[in-house]
Amino acid sequence: MKKPPAVRHAHKPRILLVDSNPHGLTVRKALLEDEGFSVQTAASGEGALQLFNASAFDVVVTSFRLPGMTGSELIRKIRQQSPDARAILLSGFVELLGLTEGTAADMVLEKSSREGAELVRSVRRLLRLRRHGSHSAASEQAVRAAGRSGFGQTGPGG
């Protein structure tokens, strides 16, 4: 069953943030809230699916390593319910794990000292694309290519 997109009002954009590391979750949540986003968090893929099924989100930001499933698997499950869902995948080892292709994410960011600014910039970009209804195959490829072309590719970290 398809899920309707998040409702657009004057409300803050809603972000679902998923990470099993409580420190990373706290820091990213604070950063995104400081930028004006409404953020809900989950520490596992299953917890994220429960939140996603119960509420509408504009963007999902997930770590690759999660208990029970990978972030890529989570994104695929979310897209089964909501094909237009926007998603960012985070990992400390993007190239080492081969996460530059086939992740189902719109963007893949490497956890690093520059991650905060890149995360905010990437969330804003996906929100703009979502607002403008850019769901064509060409726009999807452009977003994914931008996510792979140096965004956060600074080596293992975080």
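Every number here is computed from the coordinates shown, using simple stated rules; none is lab data. These numbers come from a predicted model, not from an experiment. Positions of Cβ are generated from backbone atoms using ideal geometry, with glycine treated the same way; all protein chains shown enter the neighbour counts.
For this structure, a couple of remarks:
- The calculated FRET efficiency for A43 paired with R121, based on their beta-carbon distance and R0 = 35 Å, is about 0.90.
- Inter-label distance for E35 and D84, nm, one decimal - labels placed 7 Å from Cα along Cα-to-Cβ: 2.2 nm
- A full extension of the chain between R65 and S113 corresponds to an added length of 15.4 nm, given 0.36 nm per residue minus the alpha carbon distance.
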